[in-house]
Structure formats: structure tokens, C-alpha cells
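Reviewing the structure listed below.
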Amino acid sequence: MAALGKIRNHGALLVGIIGLGLFAFIAEEAFRSCESTKNTERQQIAEVLGQKVSYQEFQDMVDEYLDVIKLQQGRENLGEDELNQVRDMVWNQYIQTSLIAKEAEKVGLRVTDDEIRNILNEGTNQMLAQTPFMNQQTGRFDANMLKQFLNEYKKVQSSSPQQAEQMRVIYNYWNFIEKTLRQQTLAQKYQALLGNAFLSNKVEAQQAYAEENSEASVQLAVLPYSSIADKDVKVEDSDLKAKYDELKPRFKQMEETRDLKYVSVKVTASAADRAVLNKQTQDFVAQLATAEDPSEIVRKSGSDVPFLGVPVLKSAFPYDIQQLLDSVAVGSTTALKTNTQDNTLNAVRLISKQELPDSIQFTSISVGGETAEAAHTRADSIMKALAADPTQWEAIAKKYGQTGETQWITTAQYQNTNSVGADQKAYLNALNTIQTGETKKLEISNGDIIIKVTDRKAFQTKYVAAVIKVDIDFSKETYSQAYNKFSQYVSESRDLASLEKNAKKNGYQVQELNDVAAAQHNIARIHGTHEALKWAFEAKENEVSPLYECGENDNLLVLVLTKIHKKGYREIDDPQVKDLLKQEVIKDKKAEKLIAKLNGVKNIAEAKAKGAQLTSLDQVTFAAPAFVQLTTSSEPALSGAIAAVKQGASSVKPVKGNGGVFFFTVATKKNRPGKYEEQVYQNKMSQRAMQMASGFMQGLYEKAEVKDNRYLFF
């Protein structure tokens, strides 16, 4: 009872403690919920039409496209710029596909399986020409080849998982092509539907014909705006405000941008660095000239160009090396040369130069065995059987679990790879040299391959060349000195004023970069500045960034965020907006003065007496703006005014143009020779209307409220 009494005496305190405990529990759960939401948002790369796109979803789309590039071009690795281009293409395609799909759904547009079958049967779509299902005899897509492949792939999934895995690359590629065909066809149907909404009539066609073919020659009096000095025109704030309201739609921006000031230092090799590198590379060139196998020398030299040891086209080499190949004798090695454009030391040894086929059709049979000798013996017996009866090829191939079907290989499929193994080298060299109709046995490490070449096309000059191309790079000591100096500069410059002041003392230059958008991928076209770009879109105005090491590990960078431009209309006090407004107001005020000067003028002579310069214009039509040489300006308003005045008459009032004020007299008016074709001009008007509406994607984009956070990830 005593304990109960104590509890009652401290009831208020206990209630408070329990309340705090409950609050802490609820707060913890809320915190966890918030963290979960934030983690989800961090993985959100975009939002389109209210549909959130995660990083993984977008990366899957990119990977799919990269697989296509690898298959088409035979390339495994892409550079930073190329990867960014791929991401941008995938992004733009995703946006366009999403927007059109939404609009098509509203009006009931879709692409049926029958439509896709018709496209495949016709075989004329350009995308189909990029598939492996091209009939080499007809040069067209073969739907039957596709059907056979799909049926074969379905069978081997259960009977031969290993073969199915090999075929999966082509299967996935075809799925990409078919999906893209559907998207492309839907877009075409939607655009056609939109285009058919723009019609023309006979009156419009006749008007267009008259506008294009009724031409005038005029005498022109010109008072250029340059005849009045800018300093003689007074611009008030009220003038700028009125002009801003008039031109406000011009100042709308669809995305948030940043203005930056930055200092970038590119670290380069010192004289001592160059001397050491030159000596090392000279030694490698001397070894290259006498090496039986140059591959190891090229590798040790650190060359940017790998030695493949197989015949390749000139296009496989860097541009400067291409220029050397035909001037080098086979078997000789060039002297070491410096290329200032890409900052490299270069030497070439030309091993061979031959006219060889760029496209080779062949078939092969892989022969294995418990031992290498067993494989050789089996391959020899197959060669004897084929020599006796070449028609047995497919039967023998199927006996060893292979199809025996022919395939094509082009030089582009292998010449851009970074390395070629010994077996691959032997295989490719054999394909390049085997004659049409010839069968050859090739011994490799895991067995034998029997190759038969059935066709050779597009003979071109191919080269086997060993290239030493070494970057003239700086040493660790040189980089360390540059880094320490720049780091000290950044630490002493924590606002814009000190950044600019200290830059002069250190020999640096402060540069300006306006309207940086998040979709640009980098800062000032410097590679590896993704983190700096992220900082720019998270920092506050006038904030100074940390020091960034970027470029090809050879750039040092510091930024200042000077201005944030929000999505929407640029403000009137924006320097770029204000400057444009001022120029427009000055032009308007000059026009007022010059028009007042010409008011009451009735002919060219009176205009000349008022100080106008005289010239003539010929072949002026309403359909195209006149060009006035005296003001070097294009003048659509002048063309319109001339079209409204009869031959022999003068303009009713002065015409305000882009480069000055004009008064004119129409000397002659005539129609150009030619026959009016009503249907031709009706079609032309429909096309013009469609061109004007071709920006419909921009309108759809604005309504879609797209949120693009790609800069956070790439």
C-alpha cells in the first residue's frame, strides 16, 4: 500500500515520463518512415506524367541499348562522352514514347500484331536492315529467317541450354528491334492523325501562289538606326517594364539553370617530364623495329593503340596514324614524332599491307576430343570425308551438334576490340586469307576448327601495324606541385571577391559560365565534373565549392555559384534580359524619331531631302523577307508593306524594320512565269501547317511536368 501511495504521489511525473516515452516511440517510427521515403526519392531518377522512374529502371533501359551497340559495332567499352550520348538518347526516346503513348491512348490509337507482321513481310523498314536476318541474295530482310531463328531458339531452351545462352544475345536484340518498331509505328500513326487535321483550300492555295510568284522592284529610302547614337536615346525603367511585359514569353525557360564563375587549371608535363618520357619511348621504338613479335613491346610502352596482329582497315587507327600508313614501307618503322593535337609521342611499324575482303561469308565446324591429338585425328578424318564429298558438310556439322549454316563477318566487328587472343588471331587471319570455296583445318588450343569460306566481298586495303602512341603525361611530382599551389589558392579564397583577387596573384584566370543546365553532364566541357555539377545544383548563391580533381586526372577546378535561374520566366533585372530589353527599347525610340522625320514625305526625292540613303530592291515577294544591304538586315515587315502597294505608288507611311525605317516607291510589279497547279499548292500549304505544328512534342513535354534528376546519378 505504501508503494501504491508513492506512485499516486508522483502520478503527474509518471504520466509525463510515459508521454515522453510514447512520443519518442512515435517520433522514431516517423523518422524511420521519413528516412524510407527519402531513400526512395534518392533512387528516383525522373518523373513523367506522374509516373516515377527509378534509377534501376532507367539503367536497365540504358543497358539494353548498350547491348545493341555492342552487337552492332562489336564494341565492349564506350568513353564518357559516348555513354552520356547513349543516356541522352535513351532518355529522349523514353520521354517521346511515354508522351505519345499517353496521347494515343486517349484517341484509341494502337499498333496491332497484324501491323507488325505486315512490316516484317514488307521488309523495307530501315531498322530491319540492322538485323542478322538479311537475305544476302536479295539484300532485304527475310521474315522466314526470323521465324526459323525464333523456332530454333524455343527448341534449344529445353534441349541445349548452352546453345540457348549463345542465341540469347540475338534474341534480346530482336526484342529490342520489335519493341522499337512498335513505338516508331505508333508515333507515325499519331503524327499522321495530327497531320490530317491540317487542311488547305483553294483560296489559300491561290494566295500562296500569288505570294511566291508576284514580285516587285522598288526604289527604297533608308534611314538606318545606326544614324542615331545610342547615347542620344534616353531609356527609362518604365520603358523597360513595358517592353518586358510585351516580350515576356521570350523569357520563359523550361528548366532551372545556374550561372557560375570558375577557375580551371590543367596540369601538363614539365620539361623534365618530357625529357624522361622521350628517352623511355625512344628505347621502345628501337626495340619495336627489330622485335619478332611486337605485341609485348607495344604493351610495355603503354601505347594507347593495342596491337591486334590481324589485318584491319585504316579506320581502326587514330587519324594521325592513318595519315602515316600509306607513306611507310612494309617492314619499316618511323622515327618518333610528337603530335601536339592530342599531346602524344608516336611511332609506327608497318608489318603488312594487303588487299583483302571486308565482308567474308563462311561456315565452320568445331572439333574437340579428350586430348589435342584425338581432336587432330578426328578433324583429319572429317577433312578427308569432305574432300570426298563436300555436300556432307551440314550432315557432319549436325553430327557434332552444330548447324553448319553460313554467316557473315566484317572487319568492323573485330577491329575496334582492345585485345585478340592467340586462337582468335589465328582464326581471323585464316578467314582473311582463305579463298572462296576453300576448306581449311585450323589447330587451336582446345581442339580444331574446320573453316569453309563461301564468299568474299568489298575488297579493301588492310593493314597490320604496331603503333606506339604514348601520352605526354606529367609526373607525380609535377601534379603534386600544381595541386598544392591550387589547394592553397582555394583555401584562401572563400568568396567571389577573394577568388578573383587571388587568381591574379597566382596566375589563374576566372572564367564565366551562364545558364548551366543539369542535363549538360559536365562543367565547361571538362570530363569527370559530375560531382561539381551536383554541387552547383545543391549550393546557394555566392557559395564557393570545394576543390575538384577532374578531367583525365589532370584538371583542378573550383566554382562559385553566382546566380540561380528558377524554372519559369526570367526576371526583368536579369542582365541578359535587361540588355535585350534595352536594345529593343533603343530601337523603338530610334524608330519613333526616324518615322517622325519621314512623316508627310510623299516620294523618294522628299525622303532623300530628309537625309535618307537611296537604294533599290529587286524580286521582292511576300513569301520571303527582303534583305537590305545598307542595314545588313532581313526585313519581313518591308516585304509585307511592298506587297500591299500597287505599281507606281509609294508607301502610305514609313515602315519600321529591323535595321532602320524605310520609305519606298514600287517601280514594277509582275508575275513570274509558271503554271499554277492547285493541288501542288494545297499540298504545300498542308505541309507548311504541319511544319508549324511539328513542335507538338514541346507542348506535350510542358504539360507532362517532367522532373529530371539524372544529374544526381550520371
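The values are calculated or read from the model by the stated rules, or taken from the named source; none is laboratory data. These figures come from a predicted structure and were not determined experimentally. Positions of Cβ are backbone-derived with ideal geometry, glycine not excepted, and every protein chain shown enters the neighbour counts. Heads up: the accessible areas ignore ligands, DNA and RNA and are worked out on the full protein's heavy atoms, side chains in. Shrake-Rupley method; radii C 1.70, N 1.55, O 1.52, S 1.80 Å.
Please check which bits of segment 166-194 a label hung off A689 would reach, taking the label as a point 7 Å along Cα-to-C-beta and the cut-off as backbone N under 17 Å.
191-194
Can you compute log10 of I(q)/I(0) for segment 628-674 with the Debye formula, treating each Cα as one identical point scatterer, at q = 0.30 Å⁻¹?
Per q value, in the given order, log10 I(q)/I(0) is -1.13.
So, in Å, what gap is there between the alpha-carbon centers of segment 127-166 and segment 370-410?
Here the two parts' Cα centres lie 22 Å apart.
Looking at segment 534-611, which GluC sites (Glu not before Pro) are in a loop (DSSP not H, G, I, E or B) and have at most 15 other Cβ atoms within 10 Å?
On the way: sites: E538, E541, E543, E549, E552, E571, E584, E592, E606; in loops: E538, E541, E543, E552, E571.
Answer by residue number: E538, E541, E552, E571.
Report the percentage of all Cα-Cα pairs in segment 357-424 whose separation exceeds 21 Å, rounded to a whole percent. All intermediate terms of the calculation are to be shown ahead of the outcome.
On the way: 935 of 2278 pairs.
It works out to 41 percent of all Cα pairs.
Summarise the accessible area of segment 430-527 (1.4 Å probe, protein heavy atoms) by the percent that is carbon and sulfur. Mind showing how you got there, number by number?
Numbers: 2250 of 5040 Å².
That share works out to 45 percent.
Quick check on the chain: helices-only [θ] at 222 nm, where DSSP H runs of length 4 and up contribute -39,500 (n - 2.57) each and the sum goes over total residues. Nearest 500, please.
On the way: 23 runs with 338 residues, N = 714.
Rounded to the nearest 500, it is -15500 deg cm²/dmol.
Trypsin sites (Lys or Arg not before Pro), restricted to segment 631-714: which are DSSP loop and have at most 16 other Cβ atoms within 10 Å?
On the way: sites: K646, K656, K669, K670, K675, K684, R688, K703, K707, R710; in loops: K646, K675.
Listed in order of number, the matching sites are K646, K675.
Could you state the orientation-averaged shadow area of the convex hull built on the Cα atoms of segment 304-414, in nm² to one decimal? The partial results should precede the final answer.
Numbers: hull surface 41.6 nm².
It is 10.4 nm².
Before I look further, what does segment 211-354 give for accessible area per residue, probe 1.4 Å, in whole square angstrom?
Numbers: 7470 Å² over 144 residues.
Value returned for segment 211-354: 52 Å² of accessible area per residue.
Over its Cα atoms, what ratio of radius of gyration to 2.2 N^0.38 Å does segment 444-536 give? Walk me through the numbers on the way to the answer.
On the way: Rg = 25.9 Å, N = 93, 2.2 N^0.38 = 12.3 Å.
Against the empirical 2.2 N^0.38 Å value, I get 2.10 for segment 444-536.
Quick one: grab the alpha carbon gyration tensor of segment 169-233, order the square roots of its eigenvalues as a ≥ b ≥ c, and give me rounded if a/c is under 1.5, else prolate or oblate depending on whether a/b is larger than b/c. Write out the running numbers ahead of the final one.
Working: a/c = 4.57, a/b = 1.97, b/c = 2.32.
Taking the square roots of the gyration eigenvalues as a ≥ b ≥ c, segment 169-233 is oblate.
Set Lys and Arg Cβ to +1 and Asp and Glu Cβ to -1, take the dipole of segment 529-672 about its Cα centre, and tell me which of A532, N553, N658 lies farthest positive.
N658
Principal axis extents for segment 525-633, Cα atoms only, whole Å, descending order, please.
Cα extents, longest axis first: 69, 30, 25 Å.
Tell me, what % of the accessible area of segment 209-339 is carbon and sulfur with a 1.4 angstrom probe?
On the way: 3430 of 6820 Å².
Using a 1.4 Å probe with all protein chains present, segment 209-339 comes out at 50 percent carbon and sulfur.
Over the Cα atoms of segment 39-151, how large are the radius of gyration and the largest Cα-Cα distance (Dmax), in Å?
17.8, 56
Just reorder H565, H376 by solvent-accessible area, largest first, 1.4 Å probe, all chains present.
On the way: H565 10, H376 30 Å².
Largest accessible area first, the list is H376, H565.
In whole Å, what three semi-axes, largest first, describe the equivalent ellipsoid of segment 597-644 built from its Cα gyration tensor (square root of 5 times each eigenvalue)?
Numbers: eigenvalues 89, 33, 17 Å².
For segment 597-644, the semi-axes come out at 21, 13, 9 Å.
Report the calculated FRET efficiency for S226 and K248 (r = Cβ-Cβ distance, R0 = 22 Å), to the nearest 0.05.
Working: r = 28 Å, r/R0 = 1.27.
That pair, S226 with K248, gives E of 0.20.
For segment 531-575, report the translational diffusion coefficient in µm²/s to the nearest whole number, using Stokes-Einstein at 25 °C, 0.890 mPa s, and a Kirkwood Rh over Cα pairs. Numbers along the way, then the final one.
Numbers: Rh = 12.2 Å.
In µm²/s, the coefficient rounds to 201.
Give the whole-number value, in cubic angstrom per residue, of the convex hull volume spanned by the C-alpha atoms of segment 479-593. Kindly include the intermediate steps, with their values, before the conclusion.
Working: hull volume 16.1 nm³, N = 115.
Taking the convex hull of the Cα positions in segment 479-593, it is 140 Å³ per residue.
How many Å² of accessible area per residue for segment 478-581, probe 1.4 Å?
Numbers: 5570 Å² over 104 residues.
Per-residue value: 54 Å².
For the chain, taking Cα atoms only, what is the radius of gyration to one decimal and the Dmax to the nearest whole Å?
Answer for the chain, Rg first and Dmax second: 36.5, 122 Å.
Report, to two decimal places, the Cα Rg of segment 123-210 normalised by 2.2 N^0.38 Å (N = number of residues). Present the calculation step by step, with values, prior to reporting the outcome.
Working: Rg = 21.3 Å, N = 88, 2.2 N^0.38 = 12.1 Å.
After normalising by residue count via 2.2 N^0.38 Å, the value is 1.77.
From the P(r) of segment 86-134, could you give the percentage of C-alpha pairs in the tail past 19 Å?
Numbers: 610 of 1176 pairs.
Result for the distance tail: 52 percent.
Mind jotting down the three principal axis lengths of segment 365-519 based on Cα atoms? Whole angstrom, largest first.
88, 36, 31
Give me D for segment 660-714 in µm² s⁻¹, whole number, from Stokes-Einstein with Rh from the Kirkwood sum over alpha-carbon pairs, 37 °C and 0.692 mPa s.
Working: Rh = 17.0 Å.
Answer, rounded: 193 µm²/s.
Could you compute how much accessible surface L150 exposes when probed at 1.4 Å, giving the result in Å² to the nearest 10?
60
Which net charge results when you count Lys and Arg as +1 and Asp and Glu as -1 among the other residues whose beta-carbon is under 14 Å from that of A374?
Values: positive: R378; negative: E370, E373, D380, E443, D448.
Result for the neighbourhood of A374: -4.
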